[in-house]
Each structure stands twice: as C-alpha cells, then as structure tokens.
Amino acid sequence: MAPMIYTLYGFAIFFFVFWCALWIVHLIAIFYGKYRLHSKFTSQPSDTCYFGVSILKPLMGVDPNLFTNLETFFNMNYPKYELLFCVEDDTDPAIMLVKSLMEKYPKVDAKLFIGAAIVGVNPKINNMHYAYEATAYDFILISDSGIRMKEDTLQDMMNHMTDKIALVHQMPFSADRSGFAAALEKIYFGTAHSRVYLTADCIKVNCHTGMSALMRKSVLEEEGGLKTFGCYLAEDFFIAKSFMDKGWKITICSQPAIQNSGICDIHSFQSRLTRWAKLRVAMIPLVTIFEPLTECMVIGGFTAWAVGVLFQWDSFAFYLVHVLIWFICDWVLLTIVQNGSLPFNKFDFVVGWLFRECSGPYLFLHALFNPTIRWRTRVYKLAWGGIAQEIKPRIKF
Ligand SMILES: CCCCCCCC/C=C\CCCCCCCC(=O)N[C@@H](CO)[C@H](O)/C=C/CCCCCCCCCCCCC
Ligand SMILES: O=c1ccn([C@@H]2O[C@H](COP(=O)(O)OP(=O)(O)O[C@H]3OC[C@@H](O)[C@H](O)[C@H]3O)[C@@H](O)[C@H]2O)c(=O)[nH]1
C-alpha cells in the first residue's frame, strides 16, 4: 500500500510544482512582452550607415491579400535592400503579380527567380536556393509570403542586430482581419503561442519560427549556406540551433510579425498548428509529454486533483479559479502583443479563447497519432531528430 501512496503523492507534487512553474511563465511573458515589444526606437536618418539586406520571398500560389502584402516590401523605409522573389513553378500566377509590382515600382531593386533547385526535401529551401546564391548583401531576410511589413519593420530588425547577435526574428502574430477564424488566429498567437515564445526568448531557448528572420550571411555560409538545412522541414529551428551552437545569440525584435494570409479559415489554421506540432515532436521528443501539460485545461485538471490529495482543497472550485486567472493573464498578454485596440469584443474573446483552449489538446493528440506531414502540395514523414523524407510525389493542382 505504501508504494502506491508514495506514487500518488509523487505525481501530486509533480503536477503542483509544474503548475507553479507555469504561472512563472505567465508572469515572464507579460513583463518581458511589455518590456520588449513595441519599444520606441529613434529612427536613423537615411544617410547613416545601414547594412544592405537581401530579402528572400519564397512564393507559391496567390491569395487575395498577396498583392498588398508584397507591396509593403516595396514601400519600406530602409536605405539599402534588394527583393528576390522565388517561384518554383513557371505556371504559378504569383509570377504575374510580382511582375506587375516590379513595373509599378521600377526604382526598387527587385528580381524574380523562377524554378527550384533540389538541394534537399524542404520545398521552401529548394525554392529559395537560386535567389540565395544571387544575394548581394551581407544580411539575409527570409520572409514568408503571408507577411506584411510596416515601413520601419526592417529598421527595427536591424537595430536589434548587435555584435553578438546573428539572427533577429519576429514573434509570430497576425493582422486585424474580420471573422471568427481571424479572431481565433489572433487569440492563439497572442496568448498560448506568445507566452512560450516570449519566455523562450527571455531565457534564451531556441524557439525560432522562420516566417520573418534576418540573419548574418557569413554565419550561414560557415554552415554551408541555406542548402545545409534542406534536409529538415523545420529549417528555422535548425538554423537557429546551429547559430547558437557556434556561440551566437538570437533575439526577437520589437515588432511582432504581421501574418496576413488571404486564406483564413479554421481548417487551414488547425492543419498548420498540427503540422508544427508534428515537427516539434520529431525534433524534441520531450515535447510529447510536456507540451500537453502546458495547456490550461489539462494542467488545471491534474492540479485540481493534486491539491485535493495534498491539501484537501475543493478540486472543482480550484479548477474554476485556475481557468479564470489563466483567462485573465491571457487577456493581459494579448493586449500587450496587440498594442492597440483589438478587432473583436470581449465576448468574441471568451468564445475564441474557450475554443482554442479546448481544441489545443485534441489537435496535439491528433498530431501524435498521425505523424505524416502534408505541406502545401507535398507529403512527408519525419524521423526522430527532424530529418524529413518526401513520401509522395508532388500533387499538381
Ligand atoms: C525540456 C523540454 C521541455 C519542452 C517543453 C515544451 C513546452 C512547449 C509548449 C508549447 C509549445 C508552443 C509552441 C512554440 C512555438 C513553436 C512554433 C513552431 O512549432 N514552429 C516550427 C515551425 O516553424 C519551428 O520549426 C519550431 C520551432 C521551435 C520549437 C521549440 C519548442 C520548445 C520550446 C520550449 C520553450 C521553453 C519555455 C517554457 C515554456 C513552458
Ligand atoms: O512547397 C512550398 C511550401 C511553402 N513555400 C513557402 O514557404 C513559406 C511558408 O509556407 P507556409 O505559409 O505554407 O507555411 P508555414 O507558415 O507553416 O511555415 C512555417 O513553418 C515551416 C517552416 O519551415 C517555415 O519557416 C515557417 O515559416 C511561404 O512563403 C511559402 O510560399 C514554398 O516556397 N514551397
């Protein structure tokens, strides 16, 4: 009987300690977010020394927002940059769109690269390869197709590129768009996601998501260039890891990334989160145990049981108070990340938050039991460690 009691108490203590640690994570995210995000910096006059930046834009297909998203790159307030658009397929309608922007802004240094190399299995790396080989400057910005830039975003990123830093990334967030799916996306990126992202950046753990990342080309070249990471689907994580292994630091900049894809529905959003979860599980197996425990509803349940065992507290009342305080912390964090008025009201937030918190653990389980990864037109499987293998030839639409 005694071993059984010890085991029960052992689990109860573990859940209670883990729960306490999660509140520290909440506090770190809130205070660090307030301190790091949206900080005012003095804009440098355009004649001061700014290093040139080669911006790689991997494109695949068009969506209703692509034109305006890409246009923001032609209107940036940064003295020296080139735009390198990469399109894999010569029948891709994105080509016409890029050409029309290049005609509209003839003074902006922009080039279009059509055709992908086969340097690995990662289609984004394959797509960017020729453009990467042609980059003219010492700094490379990899920027996904759905990203919008403000006029001063590149300047903000470059301001964070100090001597010991080799990679500056934007914390993922999303644009103000209408509809429930858009609210859900904003709620996820502004709460559960930014809580981990900000904490990881604060304690210097690699959490790099590569949708908008400025890096030193010289450091990338020491690793063999972008192609070295073509064997991974999560090239972002491994690029940052290799930089950190060499002693370089990575950091977020003050502006979160504005994701503004024109395709915004619950199914695509959830497929994307599931795909990312599959990548994390393959790269860091411990995630399998710890990630579900970071979910409000899951850890709340376990800890409600634990406090009943340890302190004889009312588990149900504890659970309700736990969810309420978690909810308030998430609201506070979201307002910090948004830094302005939200495009939805508090009722929408309650509904979106509950939906996200209840569906999160289910999506994670779904990812665990369906490890095959579908990314755009291709299907992959991952080996432990993150090496990817394409298992079905490309589907042409
Ligand atoms: C000792 C290991 C403990 C692991 C604890 C794991 C807790 C993770 C909890 C939630 C995960 C949230 C997701 C974070 C954003 C990742 C988005 C993403 O998957 N992006 C991929 C695609 O672009 C990219 O390749 C992966 C990037 C890195 C993922 C690293 C995840 C681990 C982060 C550990 C942070 C520790 C902070 C403590 C928080 C409880
Ligand atoms: O087959 C493909 C798929 C994607 N891409 C490009 O890769 C970028 C990201 O694609 P998606 O928006 O579909 O995917 P995500 O937003 O989930 O990407 C994210 O997760 C996977 C990582 O490798 C990426 O760095 C990260 O940004 C886009 O610019 C897209 O055009 C290709 O060029 N070819």
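The values are calculated or read from the model by the stated rules, or taken from the named source; none is laboratory data. Just so it is clear, the structure is predicted and the values come from calculations on it, not from any experiment. Quick reminder, even Gly has a Cβ in these numbers, built from the backbone with ideal geometry, and neighbours come from all protein chains shown.
At-a-glance table
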read-out	value
Test: Gly308 is more than 17 Å from the chain's Cα centre (by Cα), part of a helix (DSSP H, G or I) and not hydrophobic (A, V, I, L, M, F, W, C)	yes
Hits in region 127-142 (condition: within 16 Å of ligand 2 (Cβ to nearest atom) and either assigned to a loop (DSSP other than H, G, I, E, B) or closer than 20 Å to His208 by Cβ (or both))	Asn127, Met128, Tyr132, Ile140, Leu141, Ile142
Output for region 23-41, where each listed residue is touching a helix residue (DSSP H, G or I) at 6+ places or on another chain (Cβ under 6 Å) and not β-branched (Val, Ile, Thr)	His26, Ala29, Tyr32, Gly33, Lys34, Phe41
Qualifying positions in region 146-196 - of a type outside the set (A, V, I, L, M) and in contact with a Pro (Cβ under 8 Å, 6 or more places away or on another chain)	Gln170, Pro172, Phe173, Asp176, Arg177, Ser178, Lys186, Phe189, His193, Ser194
Residue that is under 20 Å from the mean Cα position of the chain (by Cα) and farther than 27 Å from Asn370 by Cα, where the choices are Leu286, Leu324, Leu320, Leu333	Leu333
Residues satisfying the stated conditions in region 256-269, i.e. crowded, with 18+ Cβ neighbours inside 10 Å and either of a type in the set (A, V, I, L, M, F, W, C) or within 16 Å of ligand 1 (Cβ to nearest atom) (or both)	Pro256, Ala257, Ile258, Gln259, Ser261, Cys264, Phe269
The listed residue being in contact (Cβ under 8 Å) with a residue 60 or more places away in the chain, in a loop (DSSP other than H, G, I, E, B) and away from ligand 2 (no atom under 16 Å from the Cβ), out of Leu342, Leu368	Leu342
Where Phe173 falls short, out of the listed (1) more than 14 Å from ligand 2 (Cβ to nearest atom); (2) under 16 Å from the mean Cα position of the chain (by Cα); (3) over 30 Å from Ala383 (Cβ atoms)	(1)
Residue in region 23-37 that is at pLDDT 95 or above, of a type outside the set (Gly, Ala, Ser), under 25 Å from Ala117 (Cβ atoms) and in a loop (DSSP other than H, G, I, E, B) present	no
Residue check for Lys241: under 20 Å from Val196 (Cβ atoms), among the basic types (Lys, Arg) and buried (at least 21 other Cβ atoms within 10 Å of the Cβ)	no
Helices (runs of 4 or more DSSP H) lying entirely in region 143-205 (those with 1 or more residues that are within 12 Å of ligand 1 (Cβ to nearest atom) and touching a residue at least 40 places away in the same chain (Cβ under 8 Å))	180-190, 192-202
Count - residues of region 293-305 that are assigned to a helix (DSSP H, G or I) and near ligand 1 (Cβ under 9 Å from one of its atoms)	1
Region 371-391, subset among the hydroxyl-bearing types (Ser, Thr, Tyr) and part of a loop (DSSP other than H, G, I, E, B), residue nearest to Lys241 (Cα to Cα)	Thr372
Which listed residue is away from ligand 2 (no atom under 16 Å from the Cβ) and buried (at least 18 other Cβ atoms within 10 Å of the Cβ), from Gly247, Gly300, Gly230, Gly308	Gly300
Near pairs, Cβ below 7 angstrom, 6+ apart or cross-chain, from region 1-28 (β-branched (Val, Ile, Thr)) to any residue that is at pLDDT below 95 and assigned to a helix (DSSP H, G or I)	none
